[in-house]
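Peer 1: Sharing a structure below in structure tokens format, with a few things to ask.
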Amino acid sequence: MKLRDALVDLYRKAATSLPADVEAALISAYKKESPVAGSILSVLLENVRIARKTERPLCQDTGVPVFFIKVPVSVSQRDLRNTIIEATRIATREVPLRANAVDVITEKNSGDNTGIGFPIMYFEETGRGRLIVDLMLKGAGSENVSRLYSLPHVELKAERNFEGVRRCVLDAVYKAQGKGCPPYIIGVGVGAAKDQVSRLSKEQLLRSLQDENKNGVLAKLEKKIMHDCNRLGIGPLGLSGKTTAIGVKVGVNHRHPASYFVDVSICCWADRRSRLIWHI
């Protein structure tokens, strides 16, 4: 199989098959929910089943493709970028993916999910003899309710500490209500610069929901934030319930003494992610 074809299959898997850990979290939530919220989760789970069986996209918005790529030094990043673009065009036709790439100047849709900066690709060099490609299809509804904060934040009474981070996440989720299609998976990035934490928060969405943070302080913070999010009562699709979030993942970088940025990347219940490992 060619790498291009493997990338097309990666798109198909991400778009049509919800990761097992996310599905398990939805099933667990369904068993604990009220009749109204439970009926919503039941519909979502039926949608998951049908999409996987028929190999059709889970949602009509197949999102923005975001790639996190660990590439051996022996592989040309330019060639790999071109291969991904070619695979994106084929996947748009064959999966199919909704054409989502719109030229900001002309307002014309490219029709094939390619354009300036589209798909989004983050490269990281590795000395290993294998290529690791993580793909996330990030829906616009949940992206629109994601937020960036700079601490201290006077209105939230949030200082430069983890309590301040917690307040930022709760503010973002409260303001999102049901507009981003909960139950949410929430990625949080803390660090020195705006672009740094925006990437970091999205990387957290690639983590399994069953993954416990290796840092005990962050693991405790993740559990606390999820507990507090679920106390908001927003519930599935914003129609009230016990399940507003099914996952919270926090990543940190060193920060500058004068800055403390917090990015809250909210993902809808359909955390569409998939991984390809290609041996060179």
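Peer 1: Please count how many residues of the range 81-125 are in contact with a helix residue (DSSP H, G or I) (Cβ under 8 Å, 6 or more places away or on another chain) and open to solvent by less than 30 Å² (accessible area, probe 1.4 Å).
Peer 2: Total meeting the criteria: 11.
Peer 1: Sticking with this structure for a sec: Hey, can you tell me all the residues within the range 21-58 that are under 23 Å from the mean Cα position of the chain (by Cα) and of a type in the set (Val, Ile, Thr)?
Peer 2: Listed by number, the residues that qualify are Val22, Ile27, Ile40, Val43, Val48, Ile50.
Peer 1: Among the candidates Ser240, Ser259, Ser274, which residue alone is part of a strand (DSSP E or B) and modelled with pLDDT of 95 or more?
Peer 2: Residue meeting the stated conditions: Ser274.
Results for (1) in contact (Cβ under 8 Å) with a residue 60 or more places away in the chain; (2) assigned to a loop (DSSP other than H, G, I, E, B), shown as yes or no for each residue.
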site	(1), (2)
Glu107	no, yes
Asp112	no, yes
Phe123	no, no
Val133	yes, no
Arg160	yes, yes
Lys175	no, no
Ile185	yes, no
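Peer 1: State whether one or more residues within the range 228-251 are open to solvent by less than 40 Å² (accessible area, probe 1.4 Å), of a type in the set (Asp, Glu) and under 30 Å from Arg12 (Cβ atoms).
Peer 2: no
Peer 1: Across the range 81-105, what is the number of residues that are among the charged types (D, E, K, R) and either in a loop (DSSP other than H, G, I, E, B) or under 20 Å from the mean Cα position of the chain (by Cα) (or both)?
Peer 2: Residues in the range 81-105 being among the charged types (D, E, K, R) and either in a loop (DSSP other than H, G, I, E, B) or under 20 Å from the mean Cα position of the chain (by Cα) (or both): 2 in total.
Peer 1: While we're looking at this one, here's another question. Going through the range 146-157 one residue at a time, which ones are outside any strand (DSSP E or B) and either within 20 Å of Arg89 (Cα to Cα) or open to solvent by less than 20 Å² (accessible area, probe 1.4 Å) (or both)?
Peer 2: The one that is outside any strand (DSSP E or B) and either within 20 Å of Arg89 (Cα to Cα) or open to solvent by less than 20 Å² (accessible area, probe 1.4 Å) (or both): Leu151.
Peer 1: Hey, could you check the range 25-79 for residues that are open to solvent by 90 Å² or more (accessible area, probe 1.4 Å), of a type outside the set (D, E, K, R) and without any contact (Cβ under 8 Å) to a residue 40 or more places away in the chain and say which is nearest to Tyr122 (Cα to Cα)?
Peer 2: Of everything passing the filter in the range 25-79, Gln60 is nearest to Tyr122 (Cα to Cα).
Peer 1: Which members of the range 41-67 meet the condition of being among the polar types (S, T, N, Q), in a helix (DSSP H, G or I) and out of contact with any Phe, Trp or Tyr (no Cβ under 8 Å at 6 or more places or on another chain)?
Peer 2: Across the range 41-67, the qualifying residues are Asn47, Thr54.
Peer 1: Limited to the range 16-40, what total is found for residues that are out of contact with any Asp or Glu (no Cβ under 6 Å at 6 or more places or on another chain) and over 22 Å from Asp211 (Cα atoms)?
Peer 2: Going through the range 16-40 one residue at a time, the tally reaches 8.
Peer 1: Still on this structure: When the residues of the range 187-214 are filtered to those that are out of contact with any helix residue (DSSP H, G or I) (no Cβ under 9 Å at 6 or more places or on another chain) and not in a helix (DSSP H, G or I), which remaining residue is nearest to Val133 (Cα to Cα)?
Peer 2: Looking at residues that are out of contact with any helix residue (DSSP H, G or I) (no Cβ under 9 Å at 6 or more places or on another chain) and not in a helix (DSSP H, G or I), I get Leu206.
The values are calculated or read from the model by the stated rules, or taken from the named source; none is laboratory data. Since this is a predicted model, take the numbers as computed values, not measurements. Ideal geometry is used to build each Cβ from the backbone, glycine not excepted, and the neighbour counts take in all protein chains shown. Accessible surface areas use protein heavy atoms only, side chains included; no ligands, DNA or RNA. Shrake-Rupley method; radii C 1.70, N 1.55, O 1.52, S 1.80 Å.
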